[in-house]
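S.K.: Here it is, the structure, as structure tokens.
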Amino acid sequence: MTHHRGNALRALACAGMLLIPGALAAQDARRAESPRPSTTAAQARRDSVVNLARQQLGRRYRFGGTGSSGFDCSGFTRYLMRAMGHEVPRTAAQQAQVGRPVPRDVSQLRAGDLLTFGRGGRVTHIGMYIGNGRYIHASSRAGRIVEADLQRRHLVRAWNGVRRFLADPDSAPTAVAARTPSTVVPVPAQR
């Protein structure tokens, strides 16, 4: 009886050994199909800042504004980045110097990227990309926070740069410092 039981156990163990490679391959395939947790966390941060920006739609434009009484363009982006844990300088021109530069190509933009605008190499306006070719900014012309299409003719010519703060954890870490008149503001690297 023990001889038969021993053979049965050996047969079961051999069968299990044959199934293990298939089970491991299936597990690897499931991992490859599901997003990595770090990428999911980065996407959640981008979604969060887009939601925060959309909550501000319609809020009044106020030159020099940084909060409850209204925003100007750089006050708005500073508010958004601060909510995500990034301290950025006050003006659009200063903000255009911090973060990680990204090519000026709509196909490479991610929600949460800061878009800079101006003419002749001078940055005079900034907004935040929210995806699908759209961005949110504090418009002095409209007098409020608005959502706009990046492909509008007059804006495409004036759009001159992109800065990224909300990078995927698997992208190369960058540490950037912005010089303001009285201090150096470090921008934490993304990991």
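S.K.: Return a yes/no flag: does region 107-124 have any residue that is more than 16 Å from the chain's Cα centre (by Cα), under 23 Å from Ala42 (Cα atoms) and touching a residue at least 24 places away in the same chain (Cβ under 8 Å).
M.R.: No, every residue in region 107-124 fails to be more than 16 Å from the chain's Cα centre (by Cα), under 23 Å from Ala42 (Cα atoms) and touching a residue at least 24 places away in the same chain (Cβ under 8 Å).
S.K.: Let me ask something additional. What tally of residues in region 120-145 results from selecting those that are more than 22 Å from Gly70 (Cα to Cα) and not in a strand (DSSP E or B)?
M.R.: Within region 120-145, residues that are more than 22 Å from Gly70 (Cα to Cα) and not in a strand (DSSP E or B) number 4.
S.K.: Just give me the residues in region 90-132 being open to solvent by less than 10 Å² (accessible area, probe 1.4 Å) and more than 14 Å from Gly161 (Cβ to Cβ), in sequence order.
M.R.: Residue satisfying the conditions is Gly112 alone.
S.K.: Select from region 61-77 the residues that are loosely packed, with under 14 Cβ neighbours inside 10 Å and either hydrophobic (A, V, I, L, M, F, W, C) or out of contact with any Asp or Glu (no Cβ under 8 Å at 6 or more places or on another chain) (or both) and list them in ascending order.
M.R.: Across region 61-77, the qualifying residues are Phe63, Gly67, Ser68, Ser69.
S.K.: Residues being open to solvent by 30 Å² or more (accessible area, probe 1.4 Å) and either more than 15 Å from the chain's Cα centre (by Cα) or under 17 Å from Thr91 (Cα atoms) (or both): count how many of those fall in region 133-142.
M.R.: Counting residues in region 133-142 that are open to solvent by 30 Å² or more (accessible area, probe 1.4 Å) and either more than 15 Å from the chain's Cα centre (by Cα) or under 17 Å from Thr91 (Cα atoms) (or both) gives 3.
S.K.: Being modelled with pLDDT under 95, open to solvent by 50 Å² or more (accessible area, probe 1.4 Å) and in contact with a Phe, Trp or Tyr (Cβ under 6 Å, 6 or more places away or on another chain), is that true of even one residue in region 150-170?
M.R.: no
The values are calculated or read from the model by the stated rules, or taken from the named source; none is laboratory data. These numbers were taken from a predicted model, which means no experiment stands behind them. FYI the Cβ positions are ideal-geometry reconstructions off the backbone, even for glycines, and counts take in every protein chain you see. Note: areas computed on protein heavy atoms with side chains; ligands, DNA, RNA excluded. Shrake-Rupley method; radii C 1.70, N 1.55, O 1.52, S 1.80 Å.
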